[in-house]
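First the structure, in the form of structure tokens, and then the observations on it.
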Number of protein chains: 6
Amino acid sequence: MYSLTVRDHMMIAHSFKGAVFGPAQKLHGATFVVDLSFETEQLDDDNLVVDIGLASEALKAILQPLNYQNLDELPMFEGQNTTTEFLAKYIFDEMAEQMTAGKLGKQATAVKRLTVQLKESHVAWASYSGSLA
Amino acid sequence: MYSLTVRDHMMIAHSFKGAVFGPAQKLHGATFVVDLSFETEQLDDDNLVVDIGLASEALKAILQPLNYQNLDELPMFEGQNTTTEFLAKYIFDEMAEQMTAGKLGKQATAVKRLTVQLKESHVAWASYSGSLA
Amino acid sequence: MYSLTVRDHMMIAHSFKGAVFGPAQKLHGATFVVDLSFETEQLDDDNLVVDIGLASEALKAILQPLNYQNLDELPMFEGQNTTTEFLAKYIFDEMAEQMTAGKLGKQATAVKRLTVQLKESHVAWASYSGSLA
Amino acid sequence: MYSLTVRDHMMIAHSFKGAVFGPAQKLHGATFVVDLSFETEQLDDDNLVVDIGLASEALKAILQPLNYQNLDELPMFEGQNTTTEFLAKYIFDEMAEQMTAGKLGKQATAVKRLTVQLKESHVAWASYSGSLA
Amino acid sequence: MYSLTVRDHMMIAHSFKGAVFGPAQKLHGATFVVDLSFETEQLDDDNLVVDIGLASEALKAILQPLNYQNLDELPMFEGQNTTTEFLAKYIFDEMAEQMTAGKLGKQATAVKRLTVQLKESHVAWASYSGSLA
Amino acid sequence: MYSLTVRDHMMIAHSFKGAVFGPAQKLHGATFVVDLSFETEQLDDDNLVVDIGLASEALKAILQPLNYQNLDELPMFEGQNTTTEFLAKYIFDEMAEQMTAGKLGKQATAVKRLTVQLKESHVAWASYSGSLA
């Protein structure tokens, strides 16, 4: 299995609901360093997993509506705790949709699996990894 | 699959038995930066893999009896070479036990897999990854 | 010149005032990984710059009132853009005060210089460095 | 599953053929930081995945004919775009061959899986992971 | 003293002349991760060292003519070994010129010192640091 | 001012004397990742600060008698707490001596300053920096 990973980041505000979150129930924020990996069984004719330029642009386009936002105010996250693991899955779904929409080119149809990791600090991170239909 | 990882570290002395270890047969030491990952198929009602606070405390509690020790003198490691890979499995087993004992809360019963990575330097690391019964 | 550095972090929300900030004028947030360095010309009798335990506790105590906060609502930052460089200076001043108050022990009187670096992402950071009177 | 990883690097020149590569069609270069992981289900009698000394030497031996080279001029890569993902597979194949040839010792026969990751920058990397027959 | 640092990178080919370079006399390449720091004694009215957006754009503009190039063929480097330390100074000079030309805004006139660090691998880096007239 | 830095590491055991050290009074150990920087005002005719090959070899030679040792048993450290900051100064002195002995070549006479940083974990490090006579 081959993988290609690109990195970007976003800086957001949010708060959590639930006693389990302790002080993080208050409005605070995070820098999320986002690593998105594409996996394929074969390389294409150019010896690529996917076009790294398109991959980076697609990731930036996905993060753009979140970057510099208070996630508590975004309709798509209403009623959700926007935890690191939840956001990993959100970015996974968004990238899967971009790929279906052809934003990563024809080669992207060969991608079998995506993994999204969000680093919230030097001591904690979370990820979501799943197969593509 | 979702994962959540927390990082901690310990500073220990030890020696190895066996010609394969060369100069590491002498008493020396290491800083092990320990990354422990929990994997679940679903998030809980709070959108969490596990409670990160409890996870960090449990990891610290596991490392505490090893930290600032000469591992050669600990009864539990008698007759064992405490290699990086061996210690990864030891920490895996300890965390599995903590989870069975309820130290990570009820949600921890949903954890399907643990991975423990120990970085011994900027150029070498080892891990153990396994399913939970 | 000797230096000793300890690392901690905080996760905050804030917004900026001024066209120069572009999208960062909106309420957003950041994880700041904070590195605080103490410099002395001589080591003490224990061969230390400062007591690393006290240094870590003092740094944590300084970050505690900021961690998990919306900095826009803290009276001490009223009318200020809490930029990365501004916060570096704030932490510098707080640590200098802790040292004057004896929180780092007697040896801390030998510290000639402090440097505070805040990493806001994998591609940007800021610092403040100054002599102690 | 246990893993052991060793890190090395190489500094090479190359160019790519194909419009998808944009400016990278010109002769340019890269530092590849190479992480090679060995996976086994059991540790050997010394509590090792493989002999880390032999593993490091084998990796260095594999990189040596590539290091400080223009990959465009190496016969083994003729007609190939030496992308990061392609090179990960090349190093995978070379290490599998070294292991078959006994260069990593008898224990290496227990290795079930190899993963080779090449970091081309702080924001992009690729890997190849496969089972050993 | 305040500092602000931005990071970018470039991927280049080059060769060196002189027996001291050993195998690096051959055409090879490198990824240089470039950290550029601006230092000021005071923050501006917005609490900034410099506008981080302009700083990042200026650094990208400086690296653009080098990125994806064979430095051996660039007229400006004729007769020069483009070592890591030499390139640090080159980028320093270019940024100083951009600042004089007003590309970083009026606040940039307060910058007292620039430091440019180029990381060529995980085990080696070089820098140039100098005062601005 | 130009600088060139090389990185290596060592894995040692030691213990400390003095109540300030708490649990670190017991025999424990550390991996020290060592970064050694050379500073010059001018580059040599090859555009180098120092020969990076000789610099790396000299650093390795200095660490070799410490690596895989219990520092408590080394005569040269008798009666000393081998703290991170103390070891930084020890390596500084050893490198200064190697340079005086000509081990880094003639160019090394131009080196004005050395800085030695030892990272003991992902959250703590120390350094010694000094001028050369």
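Read-outs: derived from the displayed coordinates by stated rules, not from any lab. None of the values given here were measured: they were computed from a predicted structure. Backbone-built Cβ (ideal geometry, glycine too); neighbour counts: all protein chains shown.
Given a Förster radius of 41 Å and the C-beta distance between F:Met1 and D:Asp93 as r, what FRET efficiency does 1/(1 + (r/R0)^6) yield to the nearest 0.05?
It comes to 0.35.
Sum -39500 (n - 2.57) across every DSSP H segment of at least 4 residues in chain C, then divide by the residue count to get the 222 nm mean residue ellipticity, nearest 500.
Mean residue ellipticity, 222 nm, calculated: -7000 deg cm²/dmol.
Give me B:Ser131, E:Ser37 ranked fewest to most by other Cβ atoms within 10 Å of their Cβ, as a rough exposure proxy.
With the sparsest Cβ surroundings first, the list reads B:Ser131, E:Ser37.
Running a GNM on chain F with Cα contacts under 10 Å, which residue among F:Asp45, F:Asp72, F:Asp93 ends up with the highest mean-square fluctuation?
F:Asp45
Between B:Asp45 and F:Glu57, what is the label-to-label distance in nm when each label sits 7 Å out along the Cα-to-Cβ direction?
Placing both labels 7 Å along Cα→Cβ, they lie 6.8 nm apart.
From the phi angles alone, apply the Karplus equation (6.51, -1.76, 1.60; θ = phi - 60°) to the range A:16-33 and give each ³J(HN,Hα) in whole Hz, x where the residue is Gly or Pro.
Once θ is set to phi - 60°, the couplings for the range A:16-33 become 10, 10, x, 4, 4, 7, x, x, 6, 6, 7, 5, 9, x, 7, 8, 9, 8 Hz.
Given label points at 7 Å from Cα along Cα→Cβ, what nm distances, shortest first, separate F:Glu97 from the same residue in every other copy?
Spacings between copies for this position, smallest first, are 4.6, 4.7, 4.7, 4.7, 6.6 nm.
Nearest-5 percent of antiparallel DSSP beta bridges in the range A:4-89?
90 percent
May I ask you to list the lysines whose Cα is less than 19 Å away from that of D:Lys26, ignoring any residue fewer than eight positions away on the same chain?
D:Lys17, E:Lys26, E:Lys60
With a/c under 1.5 counting as rounded, go ahead and sort the range D:71-133 into rounded, prolate or oblate using the C-alpha gyration tensor (a ≥ b ≥ c being the square roots of the eigenvalues; past the cut-off, prolate if a/b is larger than b/c, else oblate).
The shape class here is oblate.
Note down the magnitude of the dipole of the range C:87-133 about its Cα centre, charges +1 on Lys and Arg C-beta and -1 on Asp and Glu C-beta and zero elsewhere, to the nearest 20 debye.
220 debye
Only bridges whose two residues both fall in the protein assembly as shown count here: according to DSSP, what percent of them are antiparallel, nearest 5?
Counting only bridges with both partners in the protein assembly as shown, antiparallel ones make up about 95 percent.
Once Lys and Arg get +1 and Asp and Glu get -1 on their Cβ, which of F:Phe86, F:Gln98, F:Ala110 lies farthest toward the positive end of the dipole of the range F:78-130?
F:Ala110
Gap in Å between the Cα centre of the range E:101-124 and the Cα centre of the range C:1-75?
Here the two parts' Cα centres lie 23 Å apart.
Per residue of the range C:109-124, what does 6.51 cos²θ - 1.76 cosθ + 1.60 with θ = phi - 60° give for ³J(HN,Hα)? Whole Hz please, x for Gly and Pro, Karplus curve as stated.
5, 7, 5, 9, 7, 10, 10, 10, 10, 10, 8, 9, 6, 6, 10, 7
If you take each beta carbon of peptide A:15-22 and count the beta carbons of other chains within 10 angstrom, what is the mean?
If you average over the peptide's residues, the count of other-chain Cβ atoms is 4.
Just C:Phe21, C:Phe77, C:Phe92 to compare: in a GNM of chain C, with alpha carbon springs under 10 Å, which one fluctuates most?
Its mean-square fluctuation being the largest, the pick is C:Phe21.
Which one of A:His28, A:His14, A:His122 has the biggest mean-square fluctuation once chain A is modelled by GNM with Cα springs under 10 Å?
Between A:His28, A:His14, A:His122, it is A:His122 that shows the largest mean-square fluctuation.
Given a cut-off of under 8 Å on Cα pairs at least six residues apart, what relative contact order in percent is computed for chain D?
30 percent.
Inter-copy label distances at F:Gly22, 7 Å along the Cα→beta-carbon direction, one decimal in nm, shortest first?
1.7, 3.6, 4.4, 4.4, 5.0
Roughly what would the spin-label model give for E:Lys103 and F:Lys106, points 7 Å off Cα along C-beta, in nm?
3.9 nm
Give me D:Leu118, E:Leu132 ranked fewest to most by other Cβ atoms within 10 Å of their Cβ, as a rough exposure proxy.
E:Leu132, D:Leu118
Which residue in chain F puts its Cβ closest to the axis that rotates chain F onto chain B, and at what distance in whole Å?
Closest to the axis: F:Gly29, 1.
Seen from all sides and averaged, what is the projected area of the convex hull of the Cα atoms in the protein assembly as shown, in nm²?
Averaging across all directions leaves 33.0 nm² for the Cα convex hull.
Using the count of nearby Cβ atoms within 10 Å as a rough guide to exposure, how do B:Phe38, F:Phe16 rank from fewest to most?
Listed from fewest to most nearby Cβ atoms, that is F:Phe16, B:Phe38.
Would you mind counting up the charge near A:Thr40? Only other residues with Cβ under 10 Å from its Cβ, with Lys and Arg at +1 and Asp and Glu at -1.
Within the 10 Å Cβ shell, the charges total -2.
With +1 on each Lys and Arg Cβ and -1 on each Asp and Glu Cβ, how big is the dipole of the protein assembly as shown about its Cα centre, in debye rounded to the nearest 20?
0 debye
What does the convex hull of the Cα atoms of the range F:1-126 come to per residue, in Å³, rounded to a whole number?
108 Å³
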